[in-house]
Amino acid sequence: MDAPAETTSTKTPIVARLVAFSADHAALVVAFGVALATVAIVFVVTHFSLNSDTDQLISWKLPWRQQEATFNRLFRPEGDPIIMVVDGATPELAEEGAADLTQRLQARPDLFRFVNRPDGGPYFAREGLLFQDVPEIRDQMDQLIKAQPFLGPLAADPTLRGLAGTLSTVLQGVSSGQATLTDLNRPIAALGGTLDTLRAGRPAFFSWRELISDKPVDRHELRRIVAASPVLDFSSLLPGDKPTVFVRQAAREAGLDPAHGVRVRLTGPVPLEDEEFATLADRAGLIGSLAATAILIMLWLAVRSVRLIIAIVATTLVGLVCAAAAGLLIFHRFNAISVAFIPLFVGLGIDFGIQLSVRFRAERGAGLPLRDALVASGRGMGRSLTLAATAIATGFLAFAPTAYIGVSQLGVIAGLGMFIALGLNLTMLPAVTRLIGAPGGAAPHETAFLERLDGAILGHRRLVIGTAVVAGLACAASLPLLHFDFNTLHLKSAKVESVSTLLDLMSDPDESPNTVEVTAPSLAAADALARRLGRLPEVSQARTLSSFIPDDQTEKLPIIADAASLLDLTLNPLVTQPPPTDAETVAALRKTAGDLRAAAGTSPGASSRISAGPASRLADDFEWLAAAPPLVRAKAGEVLMRPLATVLEQTSTALGAQAVTVADIPPDIKRDWLAPDGRARVSLTARGDANNTAVLDRFIDAVQRIVPDANGAAVDFREGGRAVSGAFAEAGALSFVAITLLLYAVLRRVRDVAITMAPIVLTGLLTLGSCVALNQPLNFANIIALPLLFGIGVAFHIYFVMAWRGGGAHLLQSSLSRAIFFSALATATGFGSLWASRHPGTASMGKLLMISLLWTLVSALLFQPALMGPPPKGSPAA
């Protein structure tokens, strides 16, 4: 059976005449369509622009955004940075790598506005000791003084010859009984272990810093941070690509790689956003192929005609480029969200084409000639398609007034696109079909099952409706368990470098970027506020510019000064040895190997036997090194002695520590904490896991109870999520009301409006209930599926209700149900292919689209017929 054409009282002559004109002047209409598409393509190609700055997706008129803008203007005028995390196998390698990278980036002001080292640089190199506790400083000074016999000769001759000579000198004390090998066990074992590694052909690294400190190196000493504010190109999909590429190139040129004991990783807002787009592109070819294949298969199953498929696809593509051109005309550029109008347009545009083409096949099956069948299709579906397109456009346009600018623009473009799709499907589609022809007869389909299903639904209407109501109520009861995941990191792949690096940083409260920032009128006020906020149990630490002024300087400085006077000549010898020849190095190594063996053989007692093993092994290594080619000795000298130069320079600089006041803090540090007008910054970090939403909520609430206008990354994180979810709630309510009023204006019956909207409500509840059952939260990515769900749901139910009002009975057996079934499957399988993406956000969007469209199909094909029942009185079939 087929849905009847609209009766005289309900037909739309304008649509029928439009389709008739297009069919009668097919060549002219197609030529106009091709010309229109050509102009649109040229305009899009020459005017295409994409603003990939995600910071512009939410309105700056919101109070928290204005507070953020004020803070950034005062303390971050250069914008978001690239954060380079430099991890070294030794503290020396980490420091050398960070210093080298900083120097290379500072030499490129065309790529970087500002480069600094938040945890390093000249200031911390000189004053770093003062930031340690008094016992720690005393211990370090004692260790340096204890190492003086080693450091003095090595400072005068920082070569392999000097190292061998120093060891021989110390070993003389073992021979004379003034010391035992046990006293030298640690340095001998460390040197032997490094040379063993080098001898085995593996990368070897040595730390004099660890050797002198006589205790394990703290993990913070193995990591350095470099921050750079890049010059961004927001006309590109990857705004930070050029600066990022330069950073990686500079790291390669400096030898900052695992083979040289250094790893450089990039994170921060710029790499995170750039790699987000790169991750989205991953598997794009596969996903696009899957989507296109799925859509084409469903089109074939729906219309069973290659020529009709060509007509539908051609019409959709022309509409797509026209919608893109219209979007550029209105907004001049797309943003990272509005560009999503493409899948929305394709999904809904193909639906219009399927509806008309399936109806056309049905009219052909009734024996009508091609031209008459096209006109009859327009007459039969014209009013339904027009109402559906208007309702969908109304739903999309409801996003226009929201504060989520990205979706606001998406709504305008997609809403306008619905009228473009409607116009082209009523003109170009019949014109192309008339030109290329189409098979006669209806598309073959199974009717026996549909007859049984239709009879079961209409025969058990109360049961079907009751089951739907119970399911809807159950899903509604589960909604409190549904949550919106505001954490954008959960939308990103943890395998991506920028994400994994950020998660690594966030595991350390001292390095977490999820801070709350407060602006105080002066530094004194900031210090007072920091003391108050720092006492909150939710706050781990509160920092101001004063945090860069060491405490207890009067007690610490004399300790450092005493050590400096004792170590001055040790670190800065009056006479240094000229570089040795290779022969001199070989001779020194062989002599020291002999001294090691002699000391190991003559040392008495159990302790000597314990120490003899490392000493003998080091003797073997020295003999191997003496016999090796000169290049091997040069490599060993680089591994063992280059870190010594770094440690000697760092130690000499640190022993020059001086009293520090605010005036002594360097401008590159002060600018981040004290504004030109005197306002000062207080930066707060959370106690606990800064990546945990509950922890952040408690942290933010605790601070904002005292300082309501507090801002920062943690606040942006939460308020951004609230703005997005609020925009969807606002637009959802507005579109629901607007579409309901539109339907009432057209249908003129409250019951008919309720019958149209009730399945949409049920679909929404079933979709959200499924999210609860599958533990799938809503997020910034998959929530975009809801407008598509709403749009397609409105269209499907309008088709059924309009056919039912026109006297349609047993609609499940009609071509309309066939069109709706395959249209839903085409969209579901096409967008469901996004589920295959490696990008978690995109995958969650595909998952939610698939779920929602399947429930849309269930509501349309099961619940809707039961809800409608027999045609209303007064209709042709009543």
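The values are calculated or read from the model by the stated rules, or taken from the named source; none is laboratory data. Note that the structure is a prediction, hence the values are computed from the model and not measured. With ideal geometry, Cβ positions are generated from the backbone for all residues, glycine too; neighbour counts draw on all protein chains shown. In case anyone asks, the SASA skips ligands and DNA or RNA and just uses the protein heavy atoms, side chains included. Shrake-Rupley method; radii C 1.70, N 1.55, O 1.52, S 1.80 Å.
If you fit an axis through the alpha-carbon atoms of helix 185-199 and take the longest principal axis of the Cα set of the chain, what angle between them do you get, 0 to 90°, nearest 10?
The angle comes out near 60 degrees.
Give the Rg (one decimal place) followed by the Dmax (whole number) of the range 61-182, computed from C-alpha coordinates and expressed in Å.
Calculated on Cα positions, Rg and Dmax stand at 23.3, 81 Å.
Please turn the phi angles of the range 495-505 into ³J(HN,Hα) values with the Karplus equation 6.51 cos²θ - 1.76 cosθ + 1.60 (θ = phi - 60°), one per residue in order, whole Hz, x for glycine and proline.
Result, rounded to whole Hz: 7, 6, 4, 4, 6, 4, 5, 5, 4, 4, 5.
Which net charge results when you count Lys and Arg as +1 and Asp and Glu as -1 among the other residues whose beta-carbon is under 14 Å from that of Arg590?
Working: positive: Arg161, Lys591, Arg597, Arg633; negative: Asp582, Glu584, Asp595, Asp620, Asp621, Glu623.
That sum, taken over residues with Cβ under 14 Å, equals -2.
Ordered by residue, what ³J(HN,Hα) values in Hz, to whole numbers, does the range 221-226 give under the Karplus form 6.51 cos²θ - 1.76 cosθ + 1.60, where θ = phi - 60° and Gly and Pro are x?
6, 8, 10, 10, 10, 10
Just in the range 43-124: which chymotrypsin sites (Phe, Trp or Tyr not before Pro) are loop by DSSP and have at most 16 other Cβ atoms within 10 Å?
On the way: sites: Phe43, Phe48, Trp60, Trp64, Phe71, Phe75, Phe112, Phe114, Tyr123, Phe124; in loops: Phe48, Trp60.
For chymotrypsin sites (Phe, Trp or Tyr not before Pro) across the range 43-124 that sit outside H, G, I, E and B with at most 16 neighbouring Cβ atoms in 10 Å, the list reads Phe48, Trp60.
Compute the angle between helix 13-24 and the longest alpha-carbon principal axis of the chain, please, reported from 0 to 90 degrees and rounded to the nearest 10.
It works out to around 80 degrees.
Given contacts defined as C-alpha pairs under 8 Å and at least six residues apart, what's the relative contact order of the chain, whole-number percent? Spell out each step's value before the answer.
Working: 1387 pairs, mean separation 222.5, N = 878.
Computed value for the chain: 25 percent relative contact order.
Give the residue list of trypsin sites (Lys or Arg not before Pro) in the range 485-584 that are DSSP loop and have at most 11 other beta-carbon atoms within 10 angstrom.
Values: sites: Lys492, Lys495, Arg531, Arg532, Arg535, Arg543, Lys556; in loops: Lys492, Lys495, Arg535.
Answer in residue order: Lys495, Arg535.
Excluding ligands, DNA and RNA, what is the solvent-accessible area per residue of the chain at a probe of 1.4 Å, expressed in Å²? Show your work: numbers first, answer last.
Values: 36410 Å² over 878 residues.
Computed with neighbouring chains in place, this is 41 Å² per residue.
How many lysine pairs does the chain hold where the Cα atoms are under 20 Å apart and the two sit 8 or more places apart or on different chains? All intermediate terms of the calculation are to be shown ahead of the outcome.
Values: Lys11/Lys873; Lys146/Lys215; Lys146/Lys556; Lys492/Lys847.
Qualifying lysine pairs in the chain: 4.
Here are some values of Rg and Dmax of the Cα atoms in Å: (i) 37.1, 121; (ii) 32.6, 110; (iii) 35.0, 109. Which one was computed from this structure?
Only one option fits the structure, namely (i).
Determine the share of the range 511-638's accessible area contributed by carbon and sulfur atoms, expressed in whole percent, with a 1.4 angstrom probe.
On the way: 3750 of 6400 Å².
Here it works out to 59 percent.
Once neighbouring chains are kept in place and the probe is 1.4 Å, which whole percent of the accessible area of the range 683-835 is contributed by carbon and sulfur?
Details: 3050 of 4810 Å².
Roughly 63 percent, rounded to a whole number.
Can you give the relative contact order of the range 52-163 as a percent, counting alpha carbon pairs under 8 Å and 6+ residues apart?
Details: 29 pairs, mean separation 10.9, N = 112.
Once normalised by length, the contact order is 10 percent.
I'd like the distance between the alpha-carbon centres of the range 651-722 and the range 324-350, rounded to an integer number of Å.
If you average the Cα positions of each part, the centres end up 40 Å apart.
Angle between the Cα long axis of helix 785-805 and the longest principal axis of the chain, 0 to 90 degrees, nearest 10?
Taking the Cα atoms of the chain, the angle to 785-805 is about 10 degrees.
What do you get for trypsin sites (Lys or Arg not before Pro) in the range 60-147 restricted to DSSP loop and a cutoff of at most 12 other Cβ within 10 Å of the site's Cβ?
Values: sites: Lys61, Arg65, Arg73, Arg104, Arg113, Arg126, Arg138, Lys146; in loops: Lys61.
For trypsin sites (Lys or Arg not before Pro) across the range 60-147 that sit outside H, G, I, E and B with at most 12 neighbouring Cβ atoms in 10 Å, the list reads Lys61.
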